[in-house]
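The values are calculated or read from the model by the stated rules, or taken from the named source; none is laboratory data. Fair warning: this is a prediction, and the values are worked out from it, not measured in the lab. Here Cβ is always computed from backbone atoms with ideal geometry, including for glycine, and neighbour counts include all displayed protein chains.
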Amino acid sequence: MSNAEACELKFYPFKMERWQSAWENKVDYNLSESGVHPLTLQELLNGESFRPGDQSLGYIQTNGTEGLRQAIASLYEGAKPSNVLVTNGSSEANLVSTLFFLENGGQIVMMLPNYMQIWGLGKTFQSSVRPVWLRKREGRWGFDLKQLKKTVTRRTILIAVCNPNNPTGSVLSEEEMDEIVGVARRAGSWILSDEVYSGAELGFKATPSFWGRYDRVLITNGLSKAYGLPGLRIGWVASSEKTIDQLWSYHDYTSIGPAALSDRLATLALQPDNRRRLLTRAKEILRRNLGILKAWAQGFGGKLSFIPPQAGAIALIKYSLPLRSDQLARRLLTEKSTLIVPGSHFNMGKYMRIGYGGPKDYLEAGLTRISEFVNGLSEAP
Ligand SMILES: Cc1ncc(COP(=O)(O)O)c(C=O)c1O
């Protein structure tokens, strides 16, 4: 192979992010958002004295300040700041984690549907990426453990899961987690668990983490979803010290370090009282809005149906209408200035993902636009 050929790299499109980046700030109603409605700085501070004028705008400790890594480590039993790398969003956390596996070669097995970042990175770097699906069973989205056992081999370097899941909002049961760990252990594979929707549960039980269940585990997470702070661009990876050290060396290439002001505000957000307040806010918004979404979907005489999410601000809605999901999304955009995510972005058929974490009036008005479109379709000759 010549050098020119060896350097050829074609990025696999990240369809959902491209779609959102292009339109989310141009439409009347953006229902493609997957997080809880963001806070203002004032809401985050909640009366706390904070003098941004004091803040040096220099580089800070590039893996995150000791204070922030300590606050993050306290979320994982027995973890120390050296078990944490602070990144720019959980997207960078997923990126540096995936680079770790791409550098080492081998097959990636990935839960689908999913946030397709790891999928696209694997394809871009010509790694073998194989799906294992969540399937609708007994009123929930369950992980296909039979398919997992068949798919994972000694060649599998990584099993990538998203828990709670994007886009279904499902949460793995303890039994499913144990099985995944068992399969990984037998094959010697790693587990990468993207837990960015944890904390945004609709019920009272926190989503269990893969942390502490197995030594070859990487947890990615961040403040963008449950905490309502995507603009801070703060995420993290938690893993063994040795792995974190290795990932830190990739972070030298990807962004060097987090922004000083974001690191400071993230440290504040993760102080126990603030963290509790932000997660309570998220649950209140989600519980109220899920009721609105359910009532709305029921008004279509069975044309729309979904398994209610257990966590997260998104619902994956199945529709029976005579158009593909990319056509549906495009027509909602152009005819109703309303953005949703089509099922095709998750390699699925007639589904749409609706973000329901926004303000009540905004959500209702966006849903009304979708109703107008769906009702218009039914009335068309
Ligand atoms: C599962 C999942 N992981 C990671 C991200 C990236 O989020 P951020 O970089 O804002 O933390 C997203 C965003 O939608 C997501 O859904």
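Here residue 246 meets each of (1) over 30 Å from residue 179 (Cα atoms); (2) away from the ligand (no atom under 12 Å from the Cβ); (3) touching a helix residue (DSSP H, G or I) at 6+ places or on another chain (Cβ under 9 Å); (4) in a helix (DSSP H, G or I) with one exception, condition (1). A residue that is at pLDDT 95 or above, more than 12 Å from the ligand (Cβ to nearest atom) and either part of a loop (DSSP other than H, G, I, E, B) or more than 17 Å from the chain's Cα centre (by Cα) (or both) occurs nowhere in the stretch 218-237. Summed over the stretch 333-366, the residues that are surrounded by 22 or more Cβ atoms within 10 Å (Cβ to Cβ) and either at pLDDT below 95 or over 20 Å from the mean Cα position of the chain (by Cα) (or both) give a count of 3. State whether the residues of the stretch 254-262 include one that is part of a helix (DSSP H, G or I), crowded, with 19+ Cβ neighbours inside 10 Å and either over 19 Å from the mean Cα position of the chain (by Cα) or free of Cβ contacts under 8 Å to residues at least 24 places away in the same chain (or both). The answer is yes, given that some residue of the stretch 254-262 is part of a helix (DSSP H, G or I), crowded, with 19+ Cβ neighbours inside 10 Å and either over 19 Å from the mean Cα position of the chain (by Cα) or free of Cβ contacts under 8 Å to residues at least 24 places away in the same chain (or both).
Annotation note: of 189, 209, the sole residue that is more than 20 Å from residue 354 (Cα to Cα), crowded, with 24+ Cβ neighbours inside 10 Å, small (Gly, Ala, Ser) and more than 11 Å from the ligand (Cβ to nearest atom) is 189.
For a quick check of your reading: which helices (runs of 4 or more DSSP H) sit entirely within the stretch 2-66 and have at least 3 residues that are away from the ligand (no atom under 16 Å from the Cβ) and either in contact with a Leu (Cβ under 8 Å, 6 or more places away or on another chain) or at pLDDT 95 or above (or both)?
41-45
In this structure, does residue 228 turn out to be surrounded by 23 or more Cβ atoms within 10 Å (Cβ to Cβ), farther than 27 Å from residue 179 by Cβ and not hydrophobic (A, V, I, L, M, F, W, C)? It is true that residue 228 is surrounded by 23 or more Cβ atoms within 10 Å (Cβ to Cβ), farther than 27 Å from residue 179 by Cβ and not hydrophobic (A, V, I, L, M, F, W, C). For beta carbons closer than 9 Å, sequence separation of 6+ or different chains, a first residue in the stretch 279-300 that is surrounded by fewer than 17 Cβ atoms within 10 Å (Cβ to Cβ) and a second that is assigned to a helix (DSSP H, G or I) and at pLDDT 95 or above, the qualifying pairs are 288/360; 292/360; 292/363; 292/364; 292/367; 299/371.
Is it fair to say residue 203 is away from the ligand (no atom under 16 Å from the Cβ), outside any strand (DSSP E or B), out of contact with any helix residue (DSSP H, G or I) (no Cβ under 7 Å at 6 or more places or on another chain) and within 26 Å of residue 351 (Cα to Cα)? Step through it out loud before you land on a result.
Numbers: away from the ligand (no atom under 16 Å from the Cβ): yes; outside any strand (DSSP E or B): yes; out of contact with any helix residue (DSSP H, G or I) (no Cβ under 7 Å at 6 or more places or on another chain): yes; within 26 Å of residue 351 (Cα to Cα): yes.
It is true that residue 203 is away from the ligand (no atom under 16 Å from the Cβ), outside any strand (DSSP E or B), out of contact with any helix residue (DSSP H, G or I) (no Cβ under 7 Å at 6 or more places or on another chain) and within 26 Å of residue 351 (Cα to Cα).
Of all the criteria given as (1) within 16 Å of the ligand (Cβ to nearest atom); (2) free of Cβ contacts under 8 Å to residues at least 40 places away in the same chain; (3) in contact with a helix residue (DSSP H, G or I) (Cβ under 8 Å, 6 or more places away or on another chain); (4) not polar (S, T, N, Q), the one not satisfied by residue 134 is (3).
Reported count of residues in the stretch 282-322, each being more than 18 Å from residue 32 (Cβ to Cβ) and in a loop (DSSP other than H, G, I, E, B), is 11.
Within the stretch 177-197, the set of residues being without any contact (Cβ under 8 Å) to a residue 40 or more places away in the chain, among the acidic types (Asp, Glu) and outside any helix (DSSP H, G or I) comprises just one member, 195. Figure legend. Inter-residue proximity from the stretch 109-128: first residues closer than 10 Å to residue 14 by Cβ and aliphatic (A, V, I, L, M), second residues in a helix (DSSP H, G or I) and more than 11 Å from the ligand (Cβ to nearest atom), beta-carbon distance below 6 Å, spacing 6+ or different chains. Indicated pairs: 121/98. A single member of 143, 204 is surrounded by fewer than 21 Cβ atoms within 10 Å (Cβ to Cβ) and of a type in the set (Phe, Trp, Tyr), and it is 204.
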